[in-house]
Amino acid sequence: MAEPIVKLRQAHLTLGSGASSVHVLKGIDIDIAAGESVGIVGPSGSGKSTLLMVVAGLERLDTGEVHVAGNALHGLSEDAVAAVRGRSVGIVFQSFHLIPNMTALENVAVPLELAGKSDAFDRARAELVAVGLGDRLTHYPGQLSGGEQQRVAIARALAPNPALIVADEPTGNLDGETGRQITDLLFAKQSERGATLLLVTHDVTLAERCNRQIAVRSGRIVDADTAPASSKVVA
């Protein structure tokens, strides 16, 4: 059997300190296969977005293991984790996180330049054309609609051709029709490239488009098609 592209083992994470500390992840075990689309669902405050940030290397575990694309993130330095993220993980946020004083083309090209790609702008242009923004290359985020900004963010996530795409409520700031268009685009690009998609959402319809769902409550997995038994609790 092929090694999972994402593997967590007894993942624990506490945020804050002292009286304000919160044990957010409580012994999470997950295996996600290459090419899967997986929806992570659960109530607000359940830990699902934090789980996504751990997989993306943006939060570090207190204890446990997190493996992404063959790399043991829990054993790497911050710089090494950033390097793995840069080449293997594309991230799409709810709030777009575009740089306001850079054009759409520059927003997509910058991560490629930081990764040392000599053809950064050519690749960025091709990605923007692929998401339907060939006529918006020189527009700034403030000149774009919410849907167009999310398309830029998707192009930026896809530009390094990552093995894993993580998306945190990607339609959360969009109206229904625009959200459906962005959803269609995200799944189409994932399928085209054979990438793995890990998606956090409150939208049941969106989650149901994934191959399977993982439900999280109070920092634990309460339902998953193939989660190891040790991580499951009764809902």
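The values are calculated or read from the model by the stated rules, or taken from the named source; none is laboratory data. Because the structure is a prediction, the values reported are computed rather than measured. For the accessible areas, the whole protein counts, side chains as well, though only heavy atoms, and no ligand, DNA or RNA atoms are used. Shrake-Rupley method; radii C 1.70, N 1.55, O 1.52, S 1.80 Å.
Inspect all residues belonging to segment 98-106 and state whether any of them is within 16 Å of A56 (Cα to Cα) and open to solvent by 10 Å² or more (accessible area, probe 1.4 Å).
Taking segment 98-106 first, the residues within 16 Å of A56 (Cα to Cα) are none.
No, that holds for no residue.
Give G42, G142 a once-over and let me know the one that is small (G, A, S) and on the phi > 0 side of the Ramachandran plot. So that I can check it myself, show each step before the final result.
Details: G142 fails: on the phi > 0 side of the Ramachandran plot.
Going through G42, G142 in turn, the sole match is G42.
Scan segment 98-140 for residues that are at pLDDT below 95 and of a type in the set (S, T, N, Q) and report the count. Qualifying residue count, segment 98-140: 1.
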